Structure formats: C-alpha cells, structure tokens
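Presented below is the structure to which this report refers.
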Amino acid sequence: MAEIALRPVQDGDLPLFFAWMSDPRATRVAAFTAEDPTDRAAFDAHWARIRAGSHVVMRTVVADGAVVGHVGEYGDPGDRQVTYWIGRAHWGRGLATAALRAYLDETPTRPLHARAAADNLGSRRVLEKCGFVVTGKDRGFARARGEEIDEVLVTLRG
C-alpha cells in the first residue's frame, strides 16, 4: 500500500485536478460534476472560491510523493458533506479509501454526509470501508450523464 499524506492545496496541484476532473470517463463515473468540466475558467473560479472561503476544507492527496487527488468537506454546520477525487490513473489501488481515512482522522466533524451515484460501486465501497452507512436514497440530475440518476445518501456518525 502506498504511503498517503494530506497537505493544503497548492497552485501547482490545480492543473492535475483540472485534467482529472475533465476526464470524460471519470466524470461519467462520478456523475455529479461541474456544468462543463472542460471549462478551465469556471474551474479556476470555483477553486479560487474554495481556497478563499472558510466553509470549505480541501487537502491534496499525495501517495508515495506523487499528487493523486484531493479530499475535503463543505457545507453548513450540521450538514457537512465529504468529497474526494482520485485521478483515474490511480484507481484500484486503495488510495481513495486511504485518503478518506486519513482525512477522517484529521477532522473532528461529525456527522459527515456524502452522496454517490447508486451505480458508482467503487465510491460506495470507499465510503462503507470508512464507516459511512446508508441513510437514504435520492434522485438527482447528473450533469456528466445528462439525465436524472439514483443516488445513495450516507452518513458517518460519532
């Protein structure tokens, strides 16, 4: 297993994040993405807001010295949502689970919530391995797929 470290997001991370988050295969799996994942100006504006605000906490995920993704949380108190993204070239190595566990060790926020496309079995497994339990189901418009899809709602308590 790779050695995982979390650190604050740096300017040099953003080109990697953009490449990963505009990858058509990865966005289809994630389903809930930016309106136009290929719009670099919108991406840059979004990350500028994230990095300037106090309501979002984001960390860069580093595995064996290489940047592989990001993890963090956002939302109102009492309804904080966890989010993560691992570059597709790094899928299948347990990095998302390790990164989320490391983040959960770092943050005292509980409860934490998350949403995943019901058919995104990889993300659902990550959340379950980290102690999240299914608390509901929903339907939402998945921009990356251009249609409404089923979602699973999960929560990590205490």
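The values are calculated or read from the model by the stated rules, or taken from the named source; none is laboratory data. Please read all numbers here as calculations on a predicted model, not as lab measurements. Backbone-built Cβ (ideal geometry, glycine too); neighbour counts: all protein chains shown. Note: areas computed on protein heavy atoms with side chains; ligands, DNA, RNA excluded. Shrake-Rupley method; radii C 1.70, N 1.55, O 1.52, S 1.80 Å.
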Carbon/sulfur fraction of accessible area - the chain, other protein chains in place, 1.4 Å, %: 51
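Could you tell me how many cubic angstrom of Cα convex hull volume region 61-158 has per residue?
Hull volume over Cα atoms, normalised by residue count, gives 105 Å³.
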Leading residue at positive end of dipole, region 1-113 (Cβ point charges), from 43, 89, 22: 89
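Looking at region 1-120, I'd like the Rg to Rh ratio, where Rg is from alpha-carbon atoms and Rh is Kirkwood's inverse mean 1/r.
Ratio value, two decimals: 0.93.
Excluding ligands, DNA and RNA, what is the solvent-accessible area per residue of region 59-127 at a probe of 1.4 Å, expressed in Å²?
Value returned for region 59-127: 44 Å² of accessible area per residue.
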